[in-house]
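Participant: Pasting a structure below so you can have a look.
The values are calculated or read from the model by the stated rules, or taken from the named source; none is laboratory data. Here the structure is a predicted model, which means the values were calculated and not measured. Here the Cβ positions follow ideal geometry from the backbone for every residue, glycine too, while neighbour counts run over all protein chains shown.
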């Protein structure tokens, strides 16, 4: 393999050189992707529902808050934690204060960008905006996202795909099972749905605080606890990788 103009190795002729996107570009694209994702989920309730003679339950103005929260839940669980992968492979990365601080800064920016859409969705849905439950849901989704990101960096590039698959199954799996069983067999135990972060977030953000039911509160706190566990796992794995010769 011949040396390039700057002393580096030049790939053989006919093989395109693999390029790594700069981290700055990935960071700038994150707010754009976030706003586009939320608008894509909110648009049907705002634009399609008024022109339907018989609106579907998920295409009504009243469903706008639930649609927005569901979109945010999926993004923060499946897409946002693994966003640094756009800046290149995780190989050689370590967990530190810079990673955690940047993740928390991203969370603050995404929350600020979502605030106007929240006001629009709640206004169209005709619901009273309760800041307490909504902020609790936001924090409860950011914590698992932080844990997933730290775990992804800590375990290394080879296992990230399995972590992404696990996040997708946890976020969408209970909903898919509940829908399939409901369409074929009949209603199922709501505890399956409440184990899903999307369902739990929608219930609290739109419906308010749960009643004094210990099991419901425990399921609501399930995902922040998992986020803390993933955070600890990522820190430990990163320390073990850094200590290897």
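Participant: Can we say residue 30 is more than 25 Å from residue 130 (Cα to Cα), at pLDDT 85 or above and crowded, with 17+ Cβ neighbours inside 10 Å?
Facilitator: On the way: more than 25 Å from residue 130 (Cα to Cα): yes; at pLDDT 85 or above: yes; crowded, with 17+ Cβ neighbours inside 10 Å: yes.
So residue 30 passes the test.
Participant: Let me ask something else about it. Can you name every residue in the stretch 205-243 that is under 19 Å from residue 145 (Cβ atoms), surrounded by 21 or more Cβ atoms within 10 Å (Cβ to Cβ) and modelled with pLDDT of 80 or more?
Facilitator: 205, 223, 227, 230, 231, 234
Participant: Scanning for something under 13 Å from the mean Cα position of the chain (by Cα) and modelled with pLDDT of 85 or more, does the stretch 38-46 turn up at least one residue?
Facilitator: Yes, the stretch 38-46 contains at least one residue that is under 13 Å from the mean Cα position of the chain (by Cα) and modelled with pLDDT of 85 or more.
Participant: Limited to the stretch 109-135, what total is found for residues that are assigned to a helix (DSSP H, G or I) and in contact with a helix residue (DSSP H, G or I) (Cβ under 9 Å, 6 or more places away or on another chain)?
Facilitator: Looking only at the stretch 109-135, we keep the residues that are assigned to a helix (DSSP H, G or I), and these are 109-125, 131-135.
Subsequent filtering for residues that are in contact with a helix residue (DSSP H, G or I) (Cβ under 9 Å, 6 or more places away or on another chain) retains 109-111, 113-114, 117-118, 120-125, 133-135.
Of the residues in the stretch 109-135, 16 are assigned to a helix (DSSP H, G or I) and in contact with a helix residue (DSSP H, G or I) (Cβ under 9 Å, 6 or more places away or on another chain).
Participant: OK, next. Using the structure shown, decide if residue 182 is modelled with pLDDT under 80 and assigned to a loop (DSSP other than H, G, I, E, B). Working first, answer last.
Facilitator: Working: modelled with pLDDT under 80: yes; assigned to a loop (DSSP other than H, G, I, E, B): no.
In short, no.
Participant: Turning to a different aspect of this structure: Here are 138, 152: which of them is assigned to a helix (DSSP H, G or I), modelled with pLDDT of 85 or more and either within 16 Å of the chain's Cα centre (by Cα) or surrounded by fewer than 20 Cβ atoms within 10 Å (Cβ to Cβ) (or both)?
Facilitator: Going through 138, 152 in turn, the sole match is 138.
Participant: Which of the following residues is modelled with pLDDT of 85 or more and under 26 Å from residue 175 (Cα atoms): 107, 112?
Facilitator: Every option except 107 fails the conditions.
Participant: Ok, one more. Quick check, is residue 97 under 22 Å from residue 227 (Cα atoms), surrounded by fewer than 14 Cβ atoms within 10 Å (Cβ to Cβ), over 16 Å from the mean Cα position of the chain (by Cα) and modelled with pLDDT of 80 or more? Talk me through it step by step, then tell me what you get.
Facilitator: Details: under 22 Å from residue 227 (Cα atoms): yes; surrounded by fewer than 14 Cβ atoms within 10 Å (Cβ to Cβ): yes; over 16 Å from the mean Cα position of the chain (by Cα): yes; modelled with pLDDT of 80 or more: no.
No.
Participant: Here is a further query. Would you be able to tell me the number of residues in the stretch 121-135 that are buried (at least 18 other Cβ atoms within 10 Å of the Cβ) and either in contact with a strand residue (DSSP E or B) (Cβ under 8 Å, 6 or more places away or on another chain) or free of Cβ contacts under 8 Å to residues at least 60 places away in the same chain (or both)?
Facilitator: 1
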